[in-house]
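One structure is given here, and the rest of the page talks about it.
The values are calculated or read from the model by the stated rules, or taken from the named source; none is laboratory data. Bear in mind that the values here come from a model prediction, so they are computed numbers and not experimental data. Cβ: placed from backbone, ideal geometry, glycine included. Neighbour counts: every protein chain shown. Accessible surface is based on the protein model in full, side chains and every heavy atom, while ligands, DNA and RNA are left aside. Shrake-Rupley method; radii C 1.70, N 1.55, O 1.52, S 1.80 Å.
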Amino acid sequence: MGAVALWLVVQAIAQVELPAAGPVPRMQVLPLPGDKASVVRDGSELARYYFGKDLYRPFLYPLIGPSGRSLTRMGHPRDPNTHSHHNSVWISHHDVGSVGFWNDAKSSEGRIVHQKVLRYEDSNEEALIEVQNAWVDGAGRGKVLLEEQRAMRFRPQNDGQWLLVLDMTFSAPKQPVTLGKTNFGFVGVRMAKTIGVNDGGGTIRNSEGAVNERQVHEKSARWVDYSGPITPTARDGITLLDHPQNPNHPTVFHVRDDGWMGTAFNFAAPYTIQPGKPLKLRYGLWVHAGVPTAAAIEEQFAGFAKGW
């Protein structure tokens with residue numbers, strides 16, 4: 001082909017009209033090798049979901065705050081061995097039909113086993129991971145005690161803040177299952193070491209005006225906030241929200257000055273899930289900058305409480 005002919009071909013290609021660009025959602029779920037999925041906002045990771053079948057239970061790590069660092073950590077800062085189950089943000093329970101699922105010790109023989117991904121969805125408004133899990137008695141019997149459908153919705157906000165909405169539906173497949181009286185379960189959050197009251201000068205507050213473990217621990221509230229230093233110059237935090245339609249709302253919160261907070265659904269009494277009558281729960285984690293006022297948290301709670 002001569003130079004002139006080649007030039008004509010190049011010009012013809014250059015004049016080809018490209019198709020209109022499709023939308024590129026701000027919020028996306030990126031499946032990763034090794035049974036993981038990353039959630040990104042504008043290309044930057046906010047969180048990662050781990051669901052390998054060799055795990056005791058699935059979990060989320062990290063949860064990236066507005067300052068660009070994870071506001072959660074893996075394991076207790078002072079006791080990494082007996083608290084190896086403190087995996088950032090996780091869902092579990094201490095007594096499901098008399099079987100423990102909460103920790104990694106021999107006393108907890110249950111396993112929360114990932115079954116399948118139901119949906120990955122991307123949009124400007126939220127990224128969605130929806131999965132199906134089986135809560136299995138691991139004591140050599142393999143009996144499924146609970147079937148769980150879990151949806152995790154990651155919703156962007158201004159100034160690097162965002163909201164994680166956790167929706168869980170628990171079903172008893174064949175016979176009633178009783179959730180025993182305990183202050184462990186369902187949601188656990190292990191904060192970054194520097195955010196803890198003891199190790200970093202953080203602060204715990206709840207919707208009733210109480211402050212830190214002595215006042216907040218094992219008390220009912222609509223929300224609990226844990227905020228503290230995450231860089232030498234910045235404070236970030238997470239507010240754990242209990243939806244008004246949850247049974248037992250306002251829930252009891254299990255909190256510690258060492259950087260731990262969680263919901264205690266069965267603090268006061270057992271709860272039995274009957275076949276055909278699933279238990280539905282919704283919790284929120286507001287990942288925020290600074291130490292917000294109670295009024296600012298109440299505004300977030302009002303928006304969270306509206307829809308379900």
Using a probe of 1.4 angstrom, how much of the accessible area of the chain is carbon and sulfur, in percent? 51 percent
If you take all C-alpha pairs in the stretch 1-157, what percent of them are over 24 Å apart? 49 percent
May I have the extent of the alpha carbons of the stretch 28-90 along their three principal axes, as whole Å values ordered from largest to smallest? 38, 31, 14
Run the simple label-point estimate for Asp159 and Thr178 please: 7 Å along Cα→C-beta, distance reported in nm. 4.9 nm
What size of dipole, in debye to the nearest 20, comes out for the chain about its Cα centre when the only charges are +1 on Lys and Arg C-beta atoms and -1 on Asp and Glu C-beta atoms? 640 debye
Please report the orientation-averaged projected area of the stretch 204-308, defined via the convex hull of its C-alpha atoms, in nm². 7.4 nm²
If packing is taken as the mean number of other Cβ atoms within 10 Å per residue, what is the order of 263-271, 300-308, highest first? 263-271, 300-308
If each of Lys280 and Tyr120 carries a label point 7 Å out from its Cα toward its Cβ, how far apart are those two points in nm? 2.7 nm
What angle do you read, to the nearest 10 degrees and between 0 and 90, between the alpha-carbon axis of helix 294-306 and the longest principal axis of the chain? 80 degrees
For the chain, compute the number of Lys pairs whose alpha carbons are separated by less than 21 Å, excluding pairs fewer than 8 positions apart on the same chain. 18
The chain: most fluctuating residue of Ile64, Ile273, Ile238 per GNM, C-alpha cutoff 10 Å: Ile273
Could you tell me which trypsin sites (Lys or Arg not before Pro) in the stretch 169-251 are loop residues by DSSP with no more than 14 other beta carbons within 10 angstrom of their beta carbon? Lys174, Lys181
Please state the charge dipole magnitude for the stretch 1-125, taken about the Cα centre, from unit charges on C-beta atoms (+1 on K and R, -1 on D and E), reported in debye and rounded to the nearest 20. 300 debye
Find the all-direction average of the projected area of the Cα convex hull for the chain, expressing the result in square nanometres with one decimal place. 21.6 nm²
Specify the residue with the greatest mean-square fluctuation among Asp167, Asp159, Asp236, computed from a Gaussian network of the chain linking alpha-carbon atoms under 10 Å apart. Asp159
From the helices alone, meaning DSSP H stretches of at least four residues, give me the mean residue ellipticity at 222 nm for the chain, per-run term -39500 (n - 2.57), in deg cm²/dmol to the nearest 500. -3000 deg cm²/dmol
Per the charge dipole of the chain (beta-carbon charges, Lys/Arg positive, Asp/Glu negative, Cα centre), the residue among Leu163, Tyr50, Ser92 reaching farthest to the positive end is Ser92
I need the Debye-formula profile for the stretch 100-214: one equal scatterer per C-alpha, no solvent, reported as log10 I(q)/I(0) at q = 0.21, 0.24 1/Å, two decimals. -1.21, -1.30
In a solvent-free Debye calculation with one equal scatterer on each Cα, what is log10 I(q)/I(0) for the stretch 164-228 at q = 0.16, 0.18, 0.23 Å⁻¹, listed in the order of the q values? -0.71, -0.83, -1.10
The chain - accessible surface per residue (Å², probe 1.4 Å): 46 Å²
Angle between the chain longest axis and helix 3-14 axis [Cα atoms, degrees, rounded to 10]: 40 degrees
So which residue, out of Ala134, Ala21, Ala105, gets the largest mean-square fluctuation from a GNM of the chain using Cα contacts under 10 Å as springs? Ala21
Inter-site label distance for Gln215 and Thr293 at 7 Å from Cα along Cβ, in nm: 1.8 nm
Rounded to whole Å and sorted largest first, what semi-axes of the equivalent ellipsoid does the C-alpha gyration tensor of the stretch 140-290 yield via the square root of 5 times each eigenvalue? 30, 17, 14
